[in-house]
Amino acid sequence: MSQRGYGGPLRYVQGPGVIADIGRYAAPLGNSALVVLDGFFWDSLRPTLEASLTAAGVEADFVRFAGESSESEIERCVAAGRTAGARAVIGIGGGKALDTAKITAFHIDARIITVPTIASTDSPTSSIGVIYSPDGVYDRVVRCGRNPDVVLVDSALIVQAPARFLVSGMGDALSTFYEARSNIETRSRNYIGDGYAATVAGYGIARSCHDVLMRDGRAAFAAAKAGRLTTAVENIIEANTLLSGLGFENCGVSAAHGVHDALTVLEPTHHFFHGEKVAFGVICLLVLENRSPEELKEALDFCVDLGLPTTLADLGLQDVTATEMAQVGEAAMQPSNVIHSVPVQLSATKITDAIWTASALAEAQRRKRS
């Protein structure tokens, strides 16, 4: 593949209190906006948002996000956006609220601003939205054609959330370099437009994401548990959001996310965050690709130190049956699953064997540490 491509948001702004400046960034995109706001922040953030948007001359219509980026929720938001004649859609909340906003903007041909309230996924910067069923089962990915115009990350707001969200984001970001490497080795297409070869810049960002996690992840976790906004926390927010977002979109994902998506067929996993399941998927990826013991140990130790899942039992699957695991393997082997970007031949049995083995190796590593 001779053509290479790179994409990302037009603006990324991070720091304490930046949400109050939303009007400054929304006004150049149009004088009307649909605000898809997470219900948890409906009362606490709406006055600040309304004041900033009104002062900037932007007329805003608010929709309270219902909690799942499903077809029905997207249809509801699209209808509201069309009724309002929105020139921009502003998504505020977690990854599913932002995905809903991005897909809504795509359908009504509007500009897009994402404002994550947690640093738990790398959704905010990407042109990709994920659709789930109303009860949380992964359905499909929607390519929205362009990245957000503005990503506004209020670190003071994010550090107020339980540290579990930041840790989940690190689990998601942990996959970025490993999955980028899978795609580089298989010469797979990235997620820019219809797909291009990864650029040197994209792969370098994915590598930097991993380096920041290893250097600052544990210190950020210690600070975030106490609600303290240190430089390490700021760095991890950037790694979870910007570096991971640019890394995955410009290089691609593989088995860590493929295992995540397949595991959603088992109900117990619905009680865990995206990044928590992806962290377990990272261990499975390293086993599936037969990476070095040193690399596997580094990933396992990192996850254990942060409390991320590394075994089936950690995901509520301590009693999973062979029949249920076979369903996971079959789901992973669907042609649309991103697991096919790994540089190994796959079968449903090979995937489930890797999952079982990853869990067993993680248990063995824990015993060594204790």
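The values are calculated or read from the model by the stated rules, or taken from the named source; none is laboratory data. From a predicted model like this one, the values you see are computed outputs, not experimental measurements. When we count neighbours, we look across all protein chains shown, and the Cβ atoms used for this are built from the backbone with ideal geometry, even at glycine. SASA here: full protein model, heavy atoms, side chains in, ligands and nucleic acids out. Shrake-Rupley method; radii C 1.70, N 1.55, O 1.52, S 1.80 Å.
The stretch between ARG369 and THR83, if pulled fully straight at 0.36 nm per residue, gains 97.1 nm over its current Cα-Cα span.
Normalised per residue, the accessible area of segment 245-356 is 36 Å², obtained with a 1.4 Å probe and no contribution from ligands, DNA or RNA.
Rounded to whole numbers, the Karplus 3J(HN,Hα) couplings from phi for segment 70-80 are 9, 4, 5, 5, 5, 4, 5, 6, 4, 4, 5 Hz, using 6.51 cos²θ - 1.76 cosθ + 1.60 with θ = phi - 60°, and x at Gly and Pro. Computed from backbone phi with θ = phi - 60° and the Karplus coefficients 6.51, -1.76 and 1.60, the 3J(HN,Hα) list for segment 327-333 is 5, 4, x, 5, 5, 5, 7 Hz; x is used for glycine and proline.
Just to confirm the number: angle between the C-alpha axis of helix 293-306 and the first principal axis of the chain, 0 to 90 degrees, nearest 10? So the inclination is approximately 50 degrees.
Phi angles across segment 87-103 convert, under the Karplus curve 6.51 cos²θ - 1.76 cosθ + 1.60 with θ = phi - 60°, into 3J(HN,Hα) values of 8, 9, 10, 10, x, 10, x, x, x, 6, 5, 5, 4, 4, 5, 5, 5 Hz, Gly and Pro given as x. A dipole drawn for the chain from +1 and -1 charges on Cβ atoms has a positive end, and of VAL63, LEU242, ALA256 the residue lying farthest that way is LEU242.
Note on segment 252-314: dipole from Cβ charges, positive end direction compared against LEU306, HIS274, SER292; the farthest Cα belongs to HIS274.
Take every DSSP beta bridge with both residues inside the chain and express the antiparallel ones as a percent of the total, to the nearest 5.
Details: 5 of 30 bridges.
Approximately 15 percent, going by the DSSP bridge assignments.
Rounded to the nearest percent, how much of the accessible area of segment 77-209 (1.4 Å probe, protein heavy atoms only) is carbon and sulfur?
Answer for segment 77-209 is 52 percent, counting heavy atoms of protein chains only.
Roughly how big is the chain's charge dipole about its Cα centre, with Cβ charges of +1 (Lys, Arg) and -1 (Asp, Glu), in debye to the nearest 20?
Working: 31 positive and 41 negative charges, 145 e Å.
Computed charge dipole of the chain: roughly 700 debye.
Net charge around GLY316, counting only other residues with Cβ within less than 13 Å of its Cβ (Lys, Arg = +1; Asp, Glu = -1)? Local net charge: -4. Note on VAL338: accessible area is roughly 40 Å² with a 1.4 Å probe, heavy atoms of protein only. Amide H contacts for ILE112 (H built 1.01 Å from N in the peptide plane; partners 5 or more residues away or on another chain; cut-off under 5 Å): VAL89, ASP149, VAL150. Taking amide H as placed 1.01 Å from N in the peptide plane, ASP139 has its amide H under 5 Å from the amide H of ILE131, TYR132, SER133, each at least 5 places away in sequence or on another chain. Given +1 at the Cβ of Lys and Arg, -1 at the Cβ of Asp and Glu and no other charges, the dipole of segment 193-277 around its Cα centre is 360 debye to the nearest 20.
Highest first, please rank the peptides 251-259, 42-50 by the mean number of other Cβ atoms sitting within 10 Å of their residues. Spell out each step's value before the answer.
Numbers: 251-259: 28.9, 42-50: 14.4.
Result, highest mean Cβ count within 10 Å first: 251-259, 42-50.
Amide H of SER32 versus every other amide H placed in the peptide plane: which residues, excluding those fewer than 5 positions away on the same chain, fall under 5 Å? Under 5 Å from the amide H of SER32: GLU59, ARG87, ALA88.
Return the loop-located trypsin sites (Lys or Arg not before Pro) in segment 211-284 (DSSP other than H, G, I, E, B) with at most 14 other Cβ atoms within 10 Å of their own Cβ; answer none if there are none. Numbers along the way, then the final one.
On the way: sites: ARG215, ARG218, LYS225, ARG228, LYS277; in loops: ARG228.
Within segment 211-284, the qualifying trypsin sites (Lys or Arg not before Pro) (loop, at most 14 other Cβ atoms within 10 Å) are ARG228.
About the centre of its Cα atoms, segment 42-103 shows a dipole size close to 120 debye [charges on the beta carbon of Lys, Arg (+1) and Asp, Glu (-1) only; nearest 20 debye]. Note on LYS368: lysines with a C-alpha under 28 Å away, same-chain residues under 8 apart excluded, are LYS225, LYS277, LYS297, LYS350. Counting only heavy atoms of the protein chains and using a 1.4 Å probe, ILE118 has close to 30 Å² of accessible surface.
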